[in-house]
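A short worksheet on the structure shown next.
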Amino acid sequence: MTRYIDVQVDEEYMNKRGAMIGAEESHDDVFLRITFGDGWDGLTKSVIWENARGTKVMSPITVDMIVDGAYIVPVPSIAKKYAGQVNFSVRGVTTSGLLETSATLTASTYFVVMQSTHGTEDEPVPIDSDAFDELVAKVNLLYPIILTEEEYQALEDAGLVVEGQVYAIPED
């Protein structure tokens, strides 16, 4: 799903629609549709993002982003990495050669990134095979399975018994 959030920049002020930008760890699914007042003509523009943990990143706004009179600016994944408030400002500069001669910054505004129970901090951590074997042995002690010789042999033939331990029982 792709969403667009309208942002109007006029002088040093922004007017935006909506406060929610998505859930933590989501990415490549939200774009800002930014329009600028006449005072921004001729300025080199960028968006400055600050995520909920204080990490800042700058996204350039280039003429190839213009669609139907508005700049379509992707929200970078770092902006939505953590739940909380994401601040952003728009910056415009004039230059002479490689020297910045003036800069205009908008007042900061923010979006909210919702908490997700499936962020990277909650992802399962892989364990090595020895730790897995140890875990299975503990589970087998807690929940012993009584098998006939024929059942055990069938599981062994199916590759579900390793070094005398039953690792899984197929569902019917």
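What to note about this one:
- Each of L43, L105, L99, L32 was scored by other Cβ atoms within 10 Å of its Cβ. Listed from fewest to most, they are L99, L105, L43, L32.
- Cβ-based exposure ranking for V93, V63, in which fewest neighbours within 10 Å come first: V63, V93
- Residues whose amide H falls under 5 Å from that of V30, counting only those 5 or more places apart or on a different chain, are R3, V75, with hydrogens built in the peptide plane.
Quick note: the coordinates plus some simple rules give every number you see, no bench work behind them. Quick caveat, the model's predicted, so the values are computed rather than measured. Please note: Cβ atoms are built from the backbone with ideal geometry, for glycine as well, and neighbour counts cover all protein chains shown.
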